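Encoded as structure tokens, the structure appears first; notes follow it.
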Amino acid sequence: MPITQIAVSLNETEESQLRAQKFKKDEVNLNQGAGGNEVHFWYKNEKCGEAITKIQFSYTDDMAEGLSDAGYRKIDKNLNAGACGACVYLWYFKGTTEADVAIRDLHVSTDATDEAQRVRFGWERLTCDLNQEAGGNWIYLWVKRQTSMYISDIIATSTWTSDIDLLERGYTRMDDNTNKFVDEDRVYIWYLLTSDKQKTIRDLQVSTNDDEYNNIQQQGFNLVNMDLNKGTGRNQVFLWFRKDGNNPIRGMGMITDRAVQPYQEVGANVMKMTQVSSCCGSFTFHLCFYR
């Protein structure tokens, strides 16, 4: 049965109320390793009622404004409640486009090995660390849909002006800035899902220098015309895709070094993008995709 309702609890009183309403609880504390409140997701599967088809997150006012204007509904509970870090909110949507397929299950991961197993069994990771800027574990929400979905288009943006249009057309934003930890342009990758295998992207590449750019271009890949390092002064990084090849791509995301080996062990393709430094340490970001 599809998920028709989703909620968040920030304390034992709210947990008791949701339990009385017959919500199911995900046992993972969304503040794991970061202190603060014990925060949990809750949801209901029902035969009747509109299914939730999309989930996004916001941690800036601009992100929230676009989601609100596009008709997404906000759960007004900060997922980082009581911890340091950004205020992270969950938004959900009940849509009817080709890209909207009912979500039937949720899972929260707290380590790379668990993430890799979700990749292996066809789950879709929502690319937002729910401990955003709070330290602690890297925590992600995963969704399982009623039918298999594949990626049919990819774009990237560095402003908020097209958010409403893209959300209304059914695109999913990877809610992780490719310029993470850098106070420059915020660059986000978006993808469009389809259940039609004939429309799917079947290969991805990343170029990090001129030689790679020219080589990938000569192989007939389509350029996603946005420097993923825009405004940082670092080397230009571009994403490329093509639709000829073998198996269609089911999902993609950004990972750090901690997840590279587990993802590769389950057959995911991993490509290095860039290295950044922050108060939390130095991180190398990779783009991964899986079929």
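The values are calculated or read from the model by the stated rules, or taken from the named source; none is laboratory data. Predicted, not measured: the structure shown is a model, and the values here were computed from it. As a convention, Cβ positions derive from the backbone with ideal geometry for all residues, glycine included, and neighbour counts pool all protein chains shown.
At-a-glance table
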| quantity | calculated |
| --- | --- |
| Any hit, the range 248-258, residues being of a type in the set (S, T, N, Q), in contact with a strand residue (DSSP E or B) (Cβ under 8 Å, 6 or more places away or on another chain), under 30 Å from Tyr59 (Cα atoms) and not in a strand (DSSP E or B) | no |
| Options Gln17, Gln21, Gln5, Gln32; residue that is under 16 Å from Asp129 (Cα atoms) and not assigned by TED's automatic domain parsing to the domain that holds Trp160 | Gln32 |
| Matching residues in the range 231-242 - criterion: being surrounded by 18 or more Cβ atoms within 10 Å (Cβ to Cβ) and either more than 20 Å from the chain's Cα centre (by Cα) or not in a loop (DSSP other than H, G, I, E, B) (or both) | Thr232, Phe238, Leu239, Trp240, Phe241 |
| Counted residues, the range 1-54 - those being assigned to a loop (DSSP other than H, G, I, E, B), buried (at least 16 other Cβ atoms within 10 Å of the Cβ) and polar (S, T, N, Q) | 5 |
| Qualifying position, being crowded, with 19+ Cβ neighbours inside 10 Å and of a type in the set (D, E, K, R), among Asp210, Asp153, Asp165 | Asp153 |
| Some residue of the range 273-289 being in a loop (DSSP other than H, G, I, E, B) and loosely packed, with under 12 Cβ neighbours inside 10 Å | yes |
| Residue identified as modelled with pLDDT of 95 or more, under 20 Å from Asp129 (Cα atoms), in contact with a strand residue (DSSP E or B) (Cβ under 7 Å, 6 or more places away or on another chain) and surrounded by 15 or more Cβ atoms within 10 Å (Cβ to Cβ) among Ile201, Ile189, Ile216 | Ile189 |
| Boolean, Leu90 is within 18 Å of the chain's Cα centre (by Cα) and part of a strand (DSSP E or B) | yes |
| Single condition Asp62 does not satisfy, out of (1) at pLDDT below 95; (2) assigned to a loop (DSSP other than H, G, I, E, B) | (2) |
| Selected residue (only one of Thr178, Thr159 is surrounded by fewer than 22 Cβ atoms within 10 Å (Cβ to Cβ) and outside the structural domain of Thr96 (by TED's automatic domain parsing)) | Thr159 |
| Qualifying positions in the range 202-224 - in a loop (DSSP other than H, G, I, E, B) and free of Cβ contacts under 8 Å to residues at least 24 places away in the same chain | Gln219, Phe221 |
| Checking Glu265 against (1) in the same structural domain as Ile155 (by TED's automatic domain parsing); (2) modelled with pLDDT of 95 or more, the condition it does not meet | (1) |
